[in-house]
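FYI, it's all coordinate maths here, none of it is from the lab. The structure presented is a predicted model; accordingly, all values stated were derived computationally and were not measured. Cβ placement follows ideal geometry from the backbone for every residue including glycine, while neighbour counts extend to all protein chains displayed.
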Ligand code: GLU
């Protein structure tokens, strides 16, 4: 691939990474030039400048984006993130990943993503609410249960989703719960949504272990991130007998070769504000933790943590991508040479959007499912998607990531062909 000539900065540009993978899959599918252009171009990119009155009376203006990459298979779907390093390129890439993610697990959505450049840690709750409401108001014409349905992502949660839902509802003058997913249970949220991404990771990791003939009970897991995805995955995996030997956070890592007591670690963090200093493990240099020998490495924090600079040092058997885009496209080649079994982000972290789909269905029906039903249906979709990707990879002699992209692109291209181009 030509990507090997990229500088590290280019390698880490998520839009270039998304393009590289797209190009490879599109070439293998022999998609014609016109279809490639249609599939690659985001359908809509909205940039808004959001004035917010701060608590001390000053006015500040924040920049926000919403990109709808594709609505070919259904309404746009994807989270909203609040972070200081949000860029349009990143939101664009994440929106396209949502298109492929929804297609690979075959749920009837397109792909979208939103982001606001801000540091939520520096904003009060009231400021955050004002920011969320004004951002929602600025993009409101593009939202709706049939148009574009946001959800939580980095630094946003069910409280933020409740504000989005309320702002939208106030504008249209009636309550529309299905305009966002990941809402609180009392406002039309779904049972199992909070755990869904972590649960999805657990399910695909189990399938991968089974495939490789490895036993969960003797499987060592290293997890980067202890938030909604990593924390949930850690909890659920340890309940299934996996040995969580290391958790890596932004401020350090904690290691126990015999397995960490995950519930006790949650308790410790609640009391002290950090995973460090935990009596059930040793603090460890987070820069080294990712390279511990293990059966499963689960990056569940941010993009670009596995790059051309460090991929060769990984010592895992399975890489299960809980985050979006944790591996650069250049690193993919190294992982392949090392014969690491990669469960790519699409479908590995698709559990979240899958239960978002269930939430949207429940809201629209006004009929809510019990947790068992949510989890059973989630497991069905995750297991089927995992096998579809792995079998496609074997049949076409490509790696799992390329297979996932090929499956997804093919489905979206088919929808576009059947719909035709409106003129
Ligand atoms: N932000 C999550 C993701 O990247 C969930 C998106 C959704 O539920 O719409 O998959």
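For the chain, the mean residue ellipticity at 222 nm estimated from helices alone is -14500 deg cm²/dmol, where every DSSP H run of n ≥ 4 contributes -39500 (n - 2.57) and the total is divided by all residues, rounded to the nearest 500. The fraction of Cα-Cα pairs per 5 angstrom bin, counted from 0 for region 1-50, comes to 4, 16, 22, 19, 17, 13, 5, 2, 1 percent, rounded to whole percents. The alpha carbon radius of gyration of the chain, expressed as a multiple of 2.2 N^0.38 Å, is 0.94.
Could you estimate the translational diffusion coefficient of region 86-126 from the Stokes-Einstein equation, with Rh from the Kirkwood formula over C-alpha pairs, at 25 °C and 0.890 mPa s, in whole µm²/s? After rounding, the answer is 210 µm²/s.
Beta bridges assigned by DSSP with both partners in region 242-379 are antiparallel in approximately 50 percent of cases. In angstrom, the C-alpha Rg and Dmax of region 328-415 are 15.7, 50. Here, region 157-294 is characterised by an Rg to Rh ratio of 1.09, where Rg is the alpha-carbon radius of gyration and Rh the Kirkwood radius. If you count the DSSP beta bridges with both ends in the chain, what percent of them are antiparallel, to the nearest 5? In the chain, approximately 50 percent of DSSP beta bridges are antiparallel ones. What is the distance in Å between the Cα centroid of region 162-196 and that of region 390-409? When both Cα centres are located, 35 Å separates them.
Beta bridges per DSSP, both residues in region 176-268: antiparallel share near 45 percent. Remark: spin-label model distance residue 267-residue 380 equals 3.8 nm, labels positioned 7 Å along the Cα→Cβ axis.
Exposure proxy for 100, 163, 360: other Cβ atoms within 10 Å of each Cβ, ordered fewest to most, give 163, 360, 100.
Cβ crowding within 10 Å, taken as a proxy for footprinting-reagent exposure, orders 202, 212, 54 from fewest neighbours to most as 212, 54, 202. Both radii were evaluated on the Cα set of region 78-156; the Rg over Rh quotient, with Rh as the Kirkwood radius, amounts to 0.99.
Can you give the convex hull volume per residue for the Cα atoms of region 32-169, as a whole number of Å³? In region 32-169, the Cα hull volume divided by residue count equals 100 Å³. Ranked for footprinting exposure by Cβ neighbours inside 10 Å, fewest first, 116, 180 give 116, 180.
Computed log10 I(q)/I(0) for region 1-112 at 0.14, 0.24 Å⁻¹: -0.65, -1.35, from the Debye equation with unit scatterers placed on every C-alpha and solvent omitted.
Classified by the C-alpha gyration tensor, region 249-357 has an oblate form. Its axis ratio a/c, with a ≥ b ≥ c, is 1.5 or above, and a/b does not exceed b/c.
Fully extending the segment from residue 126 to residue 395 would add 91.5 nm, taking 0.36 nm per residue of separation and subtracting the current Cα-Cα distance.
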